[in-house]
Structures are given as C-alpha cells and as structure tokens.
1. With a ≥ b ≥ c the root eigenvalues of the C-alpha gyration tensor of the range 51-157, is it rounded (a/c under 1.5), prolate (a/b larger than b/c) or oblate?
2. Quick check: with the 1.4 Å probe, what order do 40, 3, 99 take by accessible area, largest first?
3. Quick one: which residues, 5 or more positions from residue 114 or on another chain, have an amide H under 5 Å from its amide H? H modelled 1.01 Å from N in the peptide plane, none for Pro or chain starts.
4. Could you sort out which of 27/70; 162/186; 2/52; 27/52; 52/166; 2/166 sit more than 31 Å apart by Cα distance in this structure?
5. As a test question: what accessible area, to the nearest 10 Å², does residue 133 have when a 1.4 Å probe is rolled over all protein chains in place?
6. Averaging sequence separations of C-alpha pairs under 8 Å and six or more residues apart, then dividing by the length of the range 114-158, give the relative contact order as a whole percent.
7. With an 8 Å Cα cut-off and a minimum separation of 6 or more residues, compute the relative contact order for the chain in percent.
8. Rounded to the nearest 10 Å², what accessible area does residue 86 have for a 1.4 Å probe in the complete protein model?
Amino acid sequence: MKYAIMSDVHANPAALETALFDARRRKCQRFIMLGDTTGYGYDPVGALNLVKQNFDVVLIGNHDSACVGKEPPLQMMMNPNYDLDLSARDLLSADTRAYLASREYLFAEDSFACVPADFPTPQAWRYIMTEVDATINFSSRSERLLFCGHTHHAAVWEQDAKGSVKEHFEKRLSKPAIAAESISFKVNNNSRYIVNVGSV
C-alpha cells in the first residue's frame, strides 16, 4: 500500500488541495496527517473540512491543541503565534472542536510511527533539528521509519546498523527549499530513518 504522509496545513486549504492532487496522481491509497491543520492561514474551517474528508489518520499539532483549548494558559500567553488560534476557535463548530480535541499525539503501525513534533515527548512540541535530536528520537522508538513535521521544512536522518546518525539533503532545515520540488530517496535496508515531511 502506498501512503501519503503530510503535515502543517496551517489553514491553507488551497495548498492542501494541491498536495492531495499530487498524492492521488502518485496512486497513494492511505492518507496520514501529522497535525497543525489550523494556525497562521486564512481558512481553518476549509482546511479542517478537507482533512476530515480525505485523511485516514489525523494527529493533533500544537496549533490545533491551542485552537481547542488544550494548551496551558501560560503557553498561550507566552507564544504570540497562538493568537490566531484563539481567533480560529470562534470560527469552528462545537463538533469540529471536539473532533480536533480527540486527535491523538502518536500513530504507529507495522514498521513505522508518526508524530507531530518529536517522539519522546509529543506534547512538549519539541523540534527535531540536529543529529543529536535525531539520535534521541531514534532511541525512543523501535520502528524502522519515523515520520514527523512541525519545522515546516523537509529533512531526513539516517541511522545505520552501527547506530551512527547522519542528516541528508544538506541541512535543509537551515536552508529550506524556495520552490516546490520532488525528491526521490532510496532507503538502505540496514538503516532506520526519521523523515520530516515538511509543510504542505
């Protein structure tokens, strides 16, 4: 089965529609959303409707959590990025807020696992940015493939059979792509991987 794993829609249904079109063109059969359907963008209602209609698994991101009132008040006060989430809360129906609030922080199946941010402490919303971060995350799970989002930029870390970790794609997190692109990546059967899928 071919999976499409996406993240960080941030209330941009037009971008999500483009990503969904591309995934269906590539014959994807199962769809997983890693979180942050809300936040920043212009249409949280439209984005959530698309997610609910098209994704088999939907996780909760930090902006979703803030939007439905699950983040601690101090965090809400300290992070100005959450102001839009407070505004979006009023736009969502009670049913939609309940749907978002019921989403999980982690999904695991067979040889892979998915999380919005990092694996050891999903609700702390930590970023996987460095090889040290990746090593900690590899140690927290046994699955061969680990998928995350949260940084908005795609990246891949590989852990070889000896436990050494290296980053691929020339430090993409600090030098993100400036245009849409498609990159194929062949996995080594003896390695494990963390894949940050970036933002739609």
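The values are calculated or read from the model by the stated rules, or taken from the named source; none is laboratory data. The model shown is predicted, which means the values in this text are computed figures rather than measured ones. Here the Cβ is made from the backbone with ideal geometry for all residues, glycine too, and neighbour counts use every protein chain on show. To get the accessible areas, we keep the full protein, side chains included, count just its heavy atoms, and leave off ligands, DNA and RNA. Shrake-Rupley method; radii C 1.70, N 1.55, O 1.52, S 1.80 Å.
1. oblate
2. 40, 3, 99
3. Here 107, 108, 147 satisfy the definition.
4. Check vs 31 Å cut-off fails for 27/70; 52/166.
5. 40 Å²
6. 46 percent
7. So the answer I get is 20 percent.
8. 80 Å²
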